[in-house]
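Asker: Questions regarding the structure given below will be posed in turn.
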Amino acid sequence: MGNEWTHFDLKGNARMVDVSDKANTKRQASAMGKIQVNEAVIQAVTGHTAVKGDVLGVARVAGIMAVKRTADLIPMCHTIPIEKCELSFYVAQKDLEIHAECTVVTEGKTGVEMEALTGVNVALLTIYDMCKSMDKAMVISDVCLKEKIGGKSGTYTRAQEPKLW
């Protein structure tokens, strides 16, 4: 492919990349991020006292739903079957942070990096939504691809992980 822009044709029109000749292989990606919150949010999340309900439970479901809808949100992103999706959280009480990690697996012709990144972002946004009455100054940050396995480019592991866990 060289320097060819894969999402545009020769006239500059947007197009979806043709993956029809690629072989199905196992693909996996993990993404992570965090949200900085105040003490009231940490207490509500860990004590299960948030007015809107189980914050991390709802955020997990929202993230998984987002993974399954990534192609509806990002132009030119392929619709792919999701074979596994896990979202995990770690509450760093002393740092007043909630960390999220999303891992997605498929057997297909294209990777699941966008799905993992979408899952983390929506999970963190859901935490914000459910806790905004307690803290409007929350900050979502350090969202990044942690690792991807499979495909033509092989394995990628972030050289320096942001200090999340």
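The values are calculated or read from the model by the stated rules, or taken from the named source; none is laboratory data. Just so we're clear, the structure is a prediction, and the values are computed from it rather than from any experiment. Here Cβ is always computed from backbone atoms with ideal geometry, including for glycine, and neighbour counts include all displayed protein chains. Note: accessible area is taken over every heavy atom of the protein model, side chains too, but ligands, DNA and RNA are not part of it. Shrake-Rupley method; radii C 1.70, N 1.55, O 1.52, S 1.80 Å.
Asker: Find out how many positive minus negative residues lie around V67, taking Lys and Arg as positive, Asp and Glu as negative, among other residues whose Cβ is under 12 Å from that of V67.
Answerer: -1
Asker: At what distance in angstrom do the alpha carbon centres of segment 116-147 and segment 14-64 lie from each other?
Answerer: Each part's Cα centre sits 8 Å from the other's.
Asker: Tally up the carbon and sulfur contribution to the accessible surface of segment 41-163 as a whole percent, 1.4 Å probe, everything protein left in place.
Answerer: Of all accessible area on segment 41-163, carbon and sulfur atoms account for 55 percent.
Asker: Something else: Pick from G57, G47, G150 the residue whose mean-square fluctuation is largest in a GNM of the chain, springs joining Cα atoms under 10 Å.
Answerer: G47
Asker: Okay, moving on. Among S133, L145, V17, whose Cα lies farthest out toward the positive end of the dipole of the chain, if unit charges sit on the beta carbon of Lys, Arg (+1) and Asp, Glu (-1)?
Answerer: Ranked along the dipole, the leading option is V17.
Asker: Rounding to the nearest 10 and keeping the result within 0 to 90°, find how far the Cα-based axis of helix 55-68 lies from the longest principal axis of the chain.
Answerer: With both axes taken from Cα atoms, the answer is about 10 degrees.
Asker: Would you mind working out the magnitude of the charge dipole of the chain relative to its Cα centre, with +1 at each Lys and Arg C-beta and -1 at each Asp and Glu C-beta, to the nearest 20 Debye?
Answerer: For the chain, the charge dipole is close to 140 debye.
Asker: Pick from S141, S88, S133: which residue has the top mean-square fluctuation in a GNM of the chain where Cα pairs under 10 Å get a spring?
Answerer: S133
Asker: Counting only other residues whose beta carbon sits under 10 Å from that of E86, what net charge do I get with K and R as +1, D and E as -1?
Answerer: +1
Asker: Ignoring ligands, DNA and RNA, what accessible area per residue does the chain give at 1.4 Å, in Å²?
Answerer: Heavy-atom SASA per residue in the chain reads 58 Å².
Asker: Just need the relative contact order of the chain here, percent rounded to a whole number, with Cα pairs under 8 Å and 6+ apart.
Answerer: 35
Asker: If you put +1 on each Lys and Arg Cβ and -1 on each Asp and Glu Cβ, how big is the dipole of segment 81-165 around its Cα centre, in Debye rounded to 20?
Answerer: 160
Asker: Could you list, in their original order, any pairs among K26/K109; K34/K132; K84/K152; K68/K136 whose Cα atoms are separated by more than 18 Å?
Answerer: K84/K152; K68/K136
Asker: Additional query: Of V67, T155, T6, which is farthest along the charge dipole of the chain in the positive direction, counting Lys and Arg as +1 and Asp and Glu as -1 at C-beta?
Answerer: Working it through, the farthest residue towards the positive pole turns out to be T6.
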